[in-house]
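Let me begin by presenting the structure, written as C-alpha cells, before commenting on it.
Computed from the coordinates by the stated procedures, all read-outs in this text should not be read as laboratory data. Quick caveat: nothing in here was measured; it's all calculated off a predicted structure. Neighbour counts run over all protein chains shown; Cβ positions are idealised from the backbone, glycine included.
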Amino acid sequence: MLIEWSKDLEIGVTFVDADHKVLINLLNQVDDCIDQNEESTVLGSVLDALVEYTDYHFLREEKMMELSRYPGLKTHCDTHRALSQKVRTVYDQYQESPWKVTAHEIRDFLKSWLVDHIMGADFAYRDTCLDNIEAANQAGDVGFLGADNSFTGWEHLRIMLVDDNPNFRRLIRTILRAVGIRHIQVVDTPQDGLARLADRPADVVLCDWVMDEMNGTEFAHKVHEMQLPTRIVLLTGYSTDVLKERSSELGIADYLEKPIKARNLLETISRVAMSATPVAGDRLNAG
Ligand code: FEO
C-alpha cells in the first residue's frame, strides 16, 4: 500500500475526513493497478473515479470554507484548481496512451496533494470550520450525484457484486461505500453469487458479463429461474450492442461499459433500484 490513513491526517470535519479516506484509497488502487500491469479498463475506471471524486471533494470543501467565511478561501481554491488540473493531466495521458501513466506521476500527485495540501492548506482552515460546524454540515449534505438525483435509499440498498477481477471489485466497493451503501456482498464467481442470493437477497446485482464457466447472461437467467426480485446490471468491457437489443429478453435491467464512471454507475443503480418491485421501492424510499 502506497499510503495508509493515519490520525495525523485527520481534520476533524466528518465529511472531509471521509472524502480524504476515499481519495487515499483510490490513489492506492491506481498505484496497485500500475504495479500489477492491470488491464486498461480497470485502471481507466479507477482513474475516472479519482477525477470525479477529487472534483466532488473540492466542491464540498470550498462550499464549507465559503459558508464559514474562511479568509484563505481564494488561495485554497486556486490550489484546488491546480491539483484538479494535475489529476486530469494524468487521466488525459491515460486516455491517449494507457502505458504513459506511470507510478512516478501518481506518487508525485500523492505527495503534492496529501503531504503538501492536506497537511498544509486543509489544516489551515481547520479551526475556522470547526467553529462553524453548521456550515460544515451543510456542505457535507451535498450529494455526489447532485440535486437532480433524488434517491435517498443508499443506506438500505442491498448490492451484490459478481466479478472475477480483484482490483475491479475493490474499486466498486470503494465507490459504493463512498455514498453510504452498507449492505455489499462481493463474490468472484457467479456460482458463489447464486448460492449466496438464496440466503441473502440483493436488490441489485452488478455482474461482469464475461467470466469463466458461467457468463453474466446465464447468471441473470438463473436468478430469474429462482424467482428472486433482484435486478441485474451487467458490466462489460465489450460492445453492448447485443445487450441493447436483447436486455429485456435476457432479464437484464441495465448494462454499463467498462471503463465505468462512478457517477454513471451510481445513477444506474438508483434508477434500477427504484424500478424494482413496489415493496423494494417502499423500503428504499423509507431511507
Ligand atoms: Fe481536502 Fe483542500 O482538499
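List of remarks:
- Estimated vicinal HN-Hα couplings, Hz - the stretch 206-221 in sequence order (Karplus 6.51, -1.76, 1.60; Gly, Pro = x): 9, 10, 4, 7, 9, 9, 5, 6, 9, 8, x, 6, 5, 4, 4, 4
- Assuming charge only on the beta carbon of Lys and Arg (+1) and of Asp and Glu (-1), the dipole of the chain about its Cα centre is about 480 debye to the nearest 20.
- Within the chain, longest stretch clear of exposed GluC sites (Glu not before Pro) (DSSP loop, no more than 13 other Cβ within 10 Å): 5-212
- Taking the charge dipole of the chain about its Cα centre, with +1 at Lys and Arg Cβ atoms and -1 at Asp and Glu Cβ atoms, the residue from ASN167, LEU266, LEU256 reaching farthest to the positive side is LEU266.
- Contact order relative to length of the chain, as percent, for alpha carbon pairs under 8 angstrom and 6 or more apart: 20
- Length released on extending from SER97 to ASP199, taking residue separation times 0.36 nm less the Cα-Cα span: 32.3 nm
- Separation of alpha-carbon centers, the stretch 133-212 and the stretch 1-79, rounded to whole Å: 19
- Equivalent ellipsoid, the stretch 208-261 (semi-axes from 5 times Cα gyration tensor eigenvalues, Å): 18, 12, 10
- Under 5 Å, built H, 5+ apart or other chain: amide partners of TYR255: LEU234
- For the stretch 43-195: rounded, prolate or oblate by the Cα gyration tensor [a/c cutoff 1.5]: oblate
- Note that the chain, at 37 °C in a medium of 0.692 mPa s, gets a Stokes-Einstein diffusion coefficient of 163 µm²/s from its Kirkwood radius over C-alpha pairs.
- The modelled label-to-label distance for the pair ASP241/LYS74, using points 7 Å beyond Cα in the direction of Cβ, is 5.5 nm.
- For MET160, the residues whose amide H sits under 5 Å from its own are GLN185, VAL204, VAL205, LEU206, ignoring neighbours fewer than 5 places away on the same chain, with H placed 1.01 Å from N.
- Per-residue ³J(HN,Hα) for the stretch 47-62, Karplus 6.51 cos²θ - 1.76 cosθ + 1.60, θ = phi - 60°, Hz, x for Gly and Pro: 5, 4, 4, 5, 5, 5, 6, 4, 4, 5, 4, 5, 4, 5, 5, 5
- Residue-wise HN-Hα coupling along the stretch 248-265, computed from phi with Karplus coefficients 6.51, -1.76, 1.60 (Hz; x: Gly, Pro): 5, 4, 7, x, 9, 6, 6, 8, 9, 8, 7, x, 8, 10, 4, 5, 4, 4
- Local net charge near SER45, Cβ-Cβ under 14 Å (Lys/Arg +1, Asp/Glu -1): -2
- Here the label points at LEU59 and LEU228, each 7 Å from Cα along the C-beta direction, are separated by 3.3 nm in the simple model.
- Exceedance of the 32 Å cut-off in Cα-Cα distance is limited, within the set LYS86/LYS244; LYS74/LYS258; LYS86/LYS258; LYS222/LYS261, to LYS86/LYS244; LYS74/LYS258.
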